[in-house]
Each structure stands twice: as structure tokens, then as C-alpha cells.
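These notes are about the structure you will find just below.
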Amino acid sequence: YILYFLFHSPSNVRIILKLNGYPINQAIKTLKKVKFNSHEEALAYQEEMKWSIFQHHCENNTHYINFIKQKVITNWFDIPILRKTDVQAPLSGRISKGYSAKNSHVHNTSGSTGTPFYFAKDKFCHALSWALIYNRFNWHGIKNGNDLQARFYGISKKFTKRIKEKLKDFFSSRIRFSVFDLSDHVLASYLNTFKKKPFVYVNGYTSSLVMMAKYCLANNTTVKKVCPSLKLVFTTSEVCDDIDRKTLESGFGVPVINEYGAAELDLIGFEDADGDWLVNYETLFVEILDDNDKPVLPGEEGKVVITSLYNKAMPFIRYEIGDRAILKKDMKGAYQILESVKGRTNDIAILPSGKRAAGLTFYYISKQLLENGGFMKEFVIRQKTISHFHYEYVANREINEIEKKQIFQAMDAYLEKGLLITFEKKNIIERSKAGKFKHFFSEIKS
């Protein structure tokens, strides 16, 4: 009870951050200082910060210096675009002078774009990410880390990592709903949990939440009916289109807030109370470029290229994240407004037993290969039949027998036993003309 009282206070997550050396109070103060009333003020601030972080890494990061190749930089557009394949190298060779895995926040991307890698953030930068999360959820009256969250995510099957995630959930007031099995009987048990717990909001993968919503609609109910305390649903990791939003709002019975972010960067866009999808100018500089790396006009579609303004541990400067987006012509104070984002979608896997699993389950399965340090560049999994899964991957070598065995074991653990798995090394994995990239495709006709 004492531990619960201590860590389920409004500052529970902040206590954990402080204990781990993340200067969260300083980050919150910094975020307040960079709030502006006009877009012109925000641009002036970004202009100073983007050149400052560029200069820092040019002086302190050997990997980035080699990437620039001593090119003469006279204006911002002279800086070459950094792509995910450019940062897929051992972590130790990509961290700037003065930083290491020991004094930085180290994590990996979800693989939702099909191009996974490890990254580092200095501790102040990571604290700023948390400060931004507090700020954005506060827009909607949600106290992140205090209000009870229903979290539709995956979780590692490895004992130590699983315990770590469970502890994080406890101290963050989260109850996790695994997306590895979304069969009807599992969704029924999830709905029963909603009946018993005073959840305030839901956060999770779009495709998984849609499955939950469809289950409710098929059973003539909503989550709100069984859980009156529920206020909002926040979608993440995968694109939430208009059809998904309508399904979610109908099945959950509460408004949907669209979150757009990247683990290696920050929250990129976040809907406010008016439904405007506001672009983060406080910690990021966002560019929308055409295929020749030139800026497009508001209302025109282009690729998303982002500069992290505060990450001194690792350069993400003019970094192409793999999505395409359109900015509105209208502004909202200092904020640009996203009209739409294309990218990061996944199908649902249907297994011989009848079990259903979110496409992002395959990130957890493929994480074994990711941990080998830059060997795998891109991957896509295609479900050919109810029991046959085909891995297409781009890598600097073939997957060896030991790695194949790891995949077989992971498929058994996360999905079910007896599945057929085949592998194919490719030189390139094609994107769709719309710029969308799924890292799991189901080729089974429904």
C-alpha cells in the first residue's frame, strides 16, 4: 500500500525519471520557455536550434562527419537527407563524443516502418520527450502516469524484459492488454476487465483497438457502457484513417485522439481538443519535401523529414522517417496543422487455431535479428496461407541457421506452434505508390 501511494501520486513517473537521472523538472521548465504565440517566433527559435544541433554533431560525431563527407554547407538545404539505412550500424559507432549507452537513453524503433534500428538520446532530450507527453495529454485533461490507462501493446516473452515492462506499467498506472492474441474469447476477457477497472483512457496500436471496437459492435455494446469512467482513446504506431476513427468512436463510445510520433524522435503531431492535428515545433523541426528533396507547398503531399533539436547523443538531422504527409494552409497560433499522414499500417494475422494477432507482433518476433546490430536493414512478413509465413528481408548477409532457429522459437512463443516459415533475401523492398509501408501483409482472401 505504501509503494502504491508513493508511486501513484501525480508525480509517480517523474519520481522514476529522477531516480534514473533524467532531469524532468528542468525539461518541463524548458518546454514552458519555448511556447510562442506566432509561427514566425517559432521559426526563429527553430532556426537557431537546428543550426546549433547540426554544429554540435559536426564537431562531435565521427559517423555523421563521414556521412556529410566534408561537403560545404552554406544553407540548410545543402545538408544531405539522413535515411534509416544510414543509421543502421552498431550503436557504439554512432554516438557523439561525451555520450555512451551508459549515460544515455538507449532504445530501438518498433519496426513499424519495416526498417528497425537502435538509437540513443541524451538524458535531457529523453526528459523533454516525457515533458512533451505530459503537455499533450494535459490538453485533454489526462494526467499521464496517474490516470488509469488501458494499454493495447505487445510485451516481450523474455522473463527479465517482461518483468521490467510490468514494473513500468505498475508505476505508470497502466494495465496492459496483449495484442498477440485478439481472438473473440480474449477480447471478451478484455471487455470484462473494463467492467472491473476505472480506466480513464486507452492507448494502443490502431489495428488492435479496431479489433476491440469491432468486437463490441458485434455484441451490441461499447466499452463506455461497461466502463463509465472512460474518456478518450489515443491511437499510436499505425495510421488511424477516417474509417478506423468511426469504428473506434462507435465501438469504444468515446472520442479518438490521433497521436503521430516516432520513438527515435518525439511526438510529431497530436490532436488538440478541436480535432486539429498540431505539429510539434518545440523539440522538432519538421519539413515536408518532394522526391527531389525540395519543400512542397501547404496542401501538397511530400515525404516527412525531421530534425531533432535537442538530441546531443545521436544526430537525427534532416532525417527521413518513411512517412508521407500533407500540411494544411491554415495555422493555429505557432503551430502548423497536419492534414493527413500516410504510412505505417498493418494487417491482422489469422492462424490455423483461429487465433488473431496484430501485425506488430512480428516486430517482437524479429527483434532477435535486430539485436544483432545492424545486420538486418529492412524486413516484411507476408502470410501466404493460414499456416505459411514468408520473411522478405534486406541485409548484408543471409540469415544463418541459428538466427532462423531463433525466429522459429519466437513464432512458437508469440503465435503458435506448427507454422511454416520461409525466408528470402532481397536487394530492395518496394513501397506502394501512395508511400504506405506495411511490415506485415496478409495475402489470405477474407
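Structure above, values below:
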| read-out | value |
| --- | --- |
| Pick from the stretch 67-85, criterion open to solvent by less than 30 Å² (accessible area, probe 1.4 Å) and farther than 16 Å from P295 by Cβ, ranking: nearest to the chain's Cα centre (by Cα) | K84 |
| Odd one out for A101 among (1) open to solvent by 40 Å² or more (accessible area, probe 1.4 Å); (2) under 25 Å from E287 (Cβ atoms); (3) in contact with a strand residue (DSSP E or B) (Cβ under 8 Å, 6 or more places away or on another chain) | (2) |
| Any hit, the stretch 315-323, residues being open to solvent by 10 Å² or more (accessible area, probe 1.4 Å), of a type in the set (D, E) and not in a strand (DSSP E or B) | no |
| Residue count for the stretch 251-281, restricted to those that are assigned to a loop (DSSP other than H, G, I, E, B) and either within 19 Å of K332 (Cβ to Cβ) or of a type in the set (V, I, T) (or both) | 9 |
| Selection within the stretch 325-347 - modelled with pLDDT of 80 or more and either β-branched (V, I, T) or assigned to a loop (DSSP other than H, G, I, E, B) (or both) | I326, G333, A334, I337, V341 |
| Cβ pairs under 6 Å, 6+ apart, first in the stretch 242-253 and closer than 14 Å to S207 by Cα, second open to solvent by 30 Å² or more (accessible area, probe 1.4 Å) and hydrophobic (A, V, I, L, M, F, W, C) | G251/L217 |
| Some residue of the stretch 189-206 being among the polar types (S, T, N, Q) and more than 26 Å from the chain's Cα centre (by Cα) | yes |
| Within the stretch 210-240, tally of residues that are open to solvent by less than 40 Å² (accessible area, probe 1.4 Å) and at positive phi | 1 |
| Answer from Y363, Y414 - the residue that is within 25 Å of Y205 (Cα to Cα) and modelled with pLDDT of 80 or more | Y414 |
| Qualifying residues in the stretch 162-188 (those that are free of Cβ contacts under 8 Å to residues at least 60 places away in the same chain and acidic (D, E)) - the one surrounded by the fewest Cβ atoms within 10 Å (Cβ to Cβ) | D184 |
| Options I95, I142; residue that is within 16 Å of N203 (Cβ to Cβ) and open to solvent by less than 40 Å² (accessible area, probe 1.4 Å) | I142 |
| Every residue from the stretch 189-209 that is farther than 12 Å from F177 by Cα, of a type outside the set (S, T, N, Q) and open to solvent by 10 Å² or more (accessible area, probe 1.4 Å) | K195, K196, K197, P198, V200 |
| Residues that are open to solvent by less than 10 Å² (accessible area, probe 1.4 Å) and among the hydrophobic types (A, V, I, L, M, F, W, C), drawn from the stretch 114-139 | F117, F119, A120, C125, A127, L128, A131, L132, F137 |
| The lone exception for I155 - which of (1) open to solvent by 40 Å² or more (accessible area, probe 1.4 Å); (2) modelled with pLDDT under 90 it fails | (1) |
| Looking only at the stretch 113-166, and only at residues there that are part of a strand (DSSP E or B) and either among the hydrophobic types (A, V, I, L, M, F, W, C) or within 26 Å of W277 (Cα to Cα) (or both), the one that is nearest to the chain's Cα centre (by Cα) | Y153 |
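The values are calculated or read from the model by the stated rules, or taken from the named source; none is laboratory data. Everything numeric here is computed off the predicted structure, so don't read it as measured data. All Cβ positions, glycine included, derive from the backbone under ideal geometry; neighbour counts span all protein chains shown. Remember, those area values only see protein heavy atoms, side chains included, never the ligands or the DNA or RNA. Shrake-Rupley method; radii C 1.70, N 1.55, O 1.52, S 1.80 Å.
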